Structures are given as structure tokens and as C-alpha cells.
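Any read-out appearing in this document is the output of simple, stated calculations on the displayed coordinates, not a laboratory observation. What you are looking at is a predicted structure, and each value in this text was computed from that prediction instead of being measured. Reconstructed Cβ throughout: ideal geometry from the backbone, glycine too, with neighbour counts over all protein chains shown.
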Amino acid sequence: MGHTGTGPHGSSNDSELLNTYRWHETCAWCSEPTGRAGEDSIYIDDIGPWCEECYHKVRNAIDNTKTIELNNTITTLRKLCDESLEVIADIIDNWMPVTDKVKHLRQQLEELPHG
Ligand SMILES: [Zn+2]
């Protein structure tokens with residue numbers, strides 16, 4: 001009685017079959033066998049499967065992307081803040097002389113001879 005090729009050793013044993021899948025599941029990034037299968041497989045959202053090494057790389061890359069986005073947001077906010085401060089500084093710079101001039105004018109008016 002001959003084997004019909006149900007597994008690498010001609011066995012249909014479930015764990016051996018799973019081992020075969022583990023060997024056949026390759027990483028989406030490096031194409032190396034992930035050594036995982038089924039519920040063991042590593043996915044990020046619906047993307048994968050990943051070997052452990054690539055999973056950590058991808059995970060870090062995603063985290064870095066989030067950090068970069070966050071940094072960009074902070075930079076933008078800081079820039080807006082700086083611009084507002086500049087506008088306020090401008091207003092103060094331009095207002096002070098005006099009020100001084102007004103004071104000076106009023107003083108001159110008060111010093112004018114009345115009558
Ligand atoms: Zn990989």
C-alpha cells in the first residue's frame with residue numbers, strides 16, 4: 001500500500017501537517033519561513049505574515065512614523081505659537097510708540113496757552 005503524499009513523511013498527523021505549514025509560511029517582507037502557522041502567525045492589522053525579526057522592524061517603523069507625525073504636529077503648533085507671539089510682539093512694538101506719541105501730543109495740547 002503506497003502513500004498518497006498527505007505530508008512530508010507520508011503522515012496526515014495534524015501536528016506534522018501544521019509543522020509543514022510552519023515551514024511553508026514565509027515572511028511578507030524577507031520571504032524567509034516564519035516558523036509559524038495558523039493562530040501563531042504574526043499579522044499587523046491584515047498585513048503579514050511576518051517573521052519575528054521583520055515584525056519588530058515593521059512595528060518600530062510604524063511607531064517611528066507615528067512619532068514623526070506627532071513631532072510634525074508639535075512643530076506646526078510651535079510655529080503657529082511663535083508666529084502668534086511675533087504678531088503680539090509686533091503689536092506691542094507698534095503700539096507703544098503710538099501711545100507715547102498720543103501722550104506727547106496730549107501733553108503739548110495741555111501746554112498750549114488756553115483762551
Ligand atoms: Zn522576515
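Quick check: anything in region 37-53 within 13 Å of the ligand (Cβ to nearest atom) and in a helix (DSSP H, G or I)?
yes
Select from region 12-31 the residues that are in contact with a helix residue (DSSP H, G or I) (Cβ under 8 Å, 6 or more places away or on another chain) and assigned to a loop (DSSP other than H, G, I, E, B) and write down the one among them that is surrounded by the most Cβ atoms within 10 Å (Cβ to Cβ).
This residue is 27.
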